[in-house]
1. Look through Ala539, Ala487 and report the one residue that is small (Gly, Ala, Ser) and under 28 Å from Ile273 (Cβ atoms).
2. Please find, among Leu124, Leu144, Leu152, the residue that is free of Cβ contacts under 8 Å to residues at least 40 places away in the same chain, buried (at least 21 other Cβ atoms within 10 Å of the Cβ) and among the aliphatic types (A, V, I, L, M).
3. Looking only at the stretch 386-440, which residues are within 30 Å of Thr625 (Cα to Cα) and basic (Lys, Arg)?
4. Looking for whichever is touching a Leu at 6+ places or on another chain (Cβ under 8 Å), acidic (Asp, Glu) and either open to solvent by less than 10 Å² (accessible area, probe 1.4 Å) or not in a loop (DSSP other than H, G, I, E, B) (or both) here; the options are Glu518, Glu509. Which one fits?
5. Does the stretch 602-613 hold any residues that are aliphatic (A, V, I, L, M) and modelled with pLDDT under 95, and which are they?
6. With respect to the numbered conditions (1) touching a residue at least 40 places away in the same chain (Cβ under 8 Å); (2) open to solvent by 20 Å² or more (accessible area, probe 1.4 Å), which one is the sole condition not fulfilled by Ala159?
7. For the stretch 374-393, enumerate the residues that are out of contact with any Pro (no Cβ under 7 Å at 6 or more places or on another chain) and part of a helix (DSSP H, G or I).
8. For residues that are more than 12 Å from Val368 (Cα to Cα), of a type in the set (Gly, Ala, Ser) and touching a residue at least 60 places away in the same chain (Cβ under 8 Å), scanning just the stretch 303-317, find the one that is most open to solvent (accessible area, probe 1.4 Å).
Amino acid sequence: MDIQNQIKRTLSQPEGLAYVREVLEGEEYLSRTDVAVQVCEEFGFQDPRGQHQLGGCLKALRELEGKGWFQLPAPQIEKGRPSPRRLLRAVDQPQKVPGEVGAIVGLELVRVEQEDQMRIWNELMIGEHPQGAGPLVGRQIRYLVHSAHGWLGGLGFAAPALKLADRDRWIGWDEEQRGAQLHRIVCLSRFLIRPSVECYNLASRLLSMSLERLAVDFLELYKYEPWLVESFVDTAQFSGASYRAANWIVVGQTQGRGRQDRFRKQEKSVKDIYLYLLEKDFRTRLGLPAGAGLGPLGPADGVDGNHWAQQEMGGAPLGDLRLSQRLVEIVQSKAEKPGRAFTGVAEGDWPAVKAYYRFIDHPDEEAVSMEHILEPHRQRTIQRMQGQRTVLCIQDGSDFDYTSLAQCEGLGVIGTNQTGAQSRGLHLHTTFAIAPNGLPLGILRAECVAPQLKSPHDQRPSYAIPIEEKDTFSWLAGLRDTVEVAAQIPQTRLVNVCDREADFFELFEEQLRNPSVELLVRANHNRVIHEKPGKLFDAVRQSPLQTKVQVHVPRQSARPKLSKTKARPKRSGRQAELEVRYQRYQLCPPAYYSQKEPIDIWCIHAVESAPPEENKPVEWLLLTTINIRSAEDAVSCLRWYCLRWRIEDFHRVLKSGCGVEQIGHETAERIRRAIAINLVIAWRIMLMTLLGRDTPQLPPDVVFSNIELQVLNAYAKKKRLPAPATLRDAIRLVARMGGYLGRKKDPEPGHQLMWEGFYQLLLMTEGFALRSFDDEDAG
């Protein structure tokens, strides 16, 4: 059945109403069913098995009768309360069920087909499921969970919800498409594991087993296959962990209305909506356009053209549709001239300037917030992440100096100089999502705070201050947010990459509670461990050598001590060989957390084996929750961590390319709104540059590091080309490395040439080395 019969819609047409009236007036029928049979035969209302769709037809006839279109025969039998078939006693409790699902003997799903099986299923649901046995509606399949230990539970699939705002928005279909294709969704209406059964991973195993059988059994019974399965989890009672473990996706929440809530009383509890994709290309099968709904996107889908701002920023929840549309217009205009103030962007268009400042100065701080401005971009970022197998979620912070804005209210203290003078500004903490090849996917989360100095009256030691009051809480908040995203895209592996500021015990403890996201952190503390010799750094340095890697250490000029910046000695460029070691350890909690359990963690150590006499050896230490099974896994972690420099580049684009530190407004909240707008523009500049498209006339150091520019200059000299003066020049030079000829008649380089060029640049700079580390780290 490709398209579901629209029975009510068909009968609501003039010809449909006329036929029903003709049938009712022409003969004396014994029952409403006789009328429905005649109507089904006339209009071909049949299911894929060739049977009349009597239930749907009768329902449509009753609804049309209620609207006064005609009068049906009186019902012959008064409809009473359903009386399900039951056993005469409760189902026996299972015996000696193991604690691990792999130890259960004879675990199987039994499809309910016989009356005795139906009685067992009903008795289990009535006696032990919060929602009872039903009745279920529409096309149904029931399973019993059987084992050598007894009956363990049951599952019941039935018709889906007619309308679900979050589900329908995620799918991306309109009302007509939903009406025609709703039968492609099946609802897991009942899922019971008996309360007496306590077995680890049983729930996720049963979900997987049932979904493996569902499409085949549905095809056998109803002659077509479903493409999606939905279910609902009451988070007041359940966490939904088993659904996430079985690769279900959270797409939103219900509104507390049941199927029969005609008067919008919303008497049901609000539940999370979970979906499982039986067919990954279901949108294509539904005939939906590319990019419909909230399905996966390619990294560059929709980022160019005239409508990118609408796709990336449209529909922001700002409390007023006019504000949302104004945001799109502002972003579209600002992106064309990112380094200018909006007065320069508008070029004399004073209505546009006034519209911009009305937006920035909007009095509702809760509605027009950084979070709400970025919400549409966040959703698109998640869609781009969904299209990747692995995504690196890089966290880092950056300070914005607004000391010159003496009258600006709400700024914090971002530093002090040697004389004690304070620098005023804001601190931005960002979670930046990138693909493993370094391509930026978007801003997942951004928080802009006004740091405050600790009060001299606050005498609490650091360990006595709640983590929520510390600056480091932003790293925890970022991890928690990433965990929420992981529930929406369970088939994508997320790795949270952090620098040394994130090396604190509470972060690893948080990951232990929510292991759906991995951690990769630069080690900062030589922690106490259970293993000998008792200290982390000493232990990993003594562990067995696993492999060696070659890296390029770039040349470094000398730098005298300036303010808080340490002096830096001169260093010659060299090729270094790093010895790589890794080992799993148990990190002991800090003394003030002595009651807590140790945490298992992998430590990766890379150190230069034979440094020159005048130089310190290059040495890196990384902590990760990723299971290191081989030397290749360890090297992959090193490479992933080295991509942390992408967020440094992003902050450079934000400051140099978009000029966010030149923003001048009267309050910190207004500055935050302007920063939020520029965050998306900076991401697009970075992405479009790496893709070789629409590169603005910005200086090349906005995106490229010093060593990369040195390589590009050397390459240009070798090819007898001018040194790159603009970002566009640098991009075309990179493309030449990938095979781009760059003749006058040639179009701008495409994706493939660009990425081949970037790969060559990566090899030439040995970028898998020191780009991600500061001078002190590099030694």
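The values are calculated or read from the model by the stated rules, or taken from the named source; none is laboratory data. Here the structure is a predicted model, which is why all the values come from computation and not from measurement. Reconstructed Cβ throughout: ideal geometry from the backbone, glycine too, with neighbour counts over all protein chains shown. When the accessible area is computed, the model is the full protein with side chains, heavy atoms only, and any ligands, DNA or RNA have been set aside. Shrake-Rupley method; radii C 1.70, N 1.55, O 1.52, S 1.80 Å.
1. On the way: Ala539 fails: under 28 Å from Ile273 (Cβ atoms).
On inspection, the qualifying residue turns out to be Ala487.
2. Details: Leu124 fails: free of Cβ contacts under 8 Å to residues at least 40 places away in the same chain; Leu152 fails: free of Cβ contacts under 8 Å to residues at least 40 places away in the same chain.
Result of the check over Leu124, Leu144, Leu152: Leu144.
3. Of the residues in the stretch 386-440, the ones within 30 Å of Thr625 (Cα to Cα) are 386-399, 427-440.
Correct list: Arg389 only.
4. Details: Glu509 fails: touching a Leu at 6+ places or on another chain (Cβ under 8 Å).
None of the others qualify; the one that does is Glu518.
5. Filtering the stretch 602-613 down to residues aliphatic (A, V, I, L, M) leaves 604, 606-607, 610.
Hits for the stretch 602-613 are Ala606, Val607, Ala610.
6. In the conditions (1) touching a residue at least 40 places away in the same chain (Cβ under 8 Å); (2) open to solvent by 20 Å² or more (accessible area, probe 1.4 Å), Ala159 misses (1) alone.
7. Step one: of the stretch 374-393, the residues out of contact with any Pro (no Cβ under 7 Å at 6 or more places or on another chain) are 374, 376-382, 385, 388-389, 391, 393.
Listed by number, the residues that qualify are Leu374, Pro376, His377, Arg378, Gln379, Arg380, Thr381, Ile382, Met385.
8. Step one: of the stretch 303-317, the residues more than 12 Å from Val368 (Cα to Cα) are 303-315.
If we keep only those that are of a type in the set (Gly, Ala, Ser) as well, we get 305, 309, 314-315.
Narrowing further to those that are touching a residue at least 60 places away in the same chain (Cβ under 8 Å): 314-315.
Values: Gly314: 22, Gly315: 63 Å².
For the stretch 303-317, the residue satisfying everything is Gly315.
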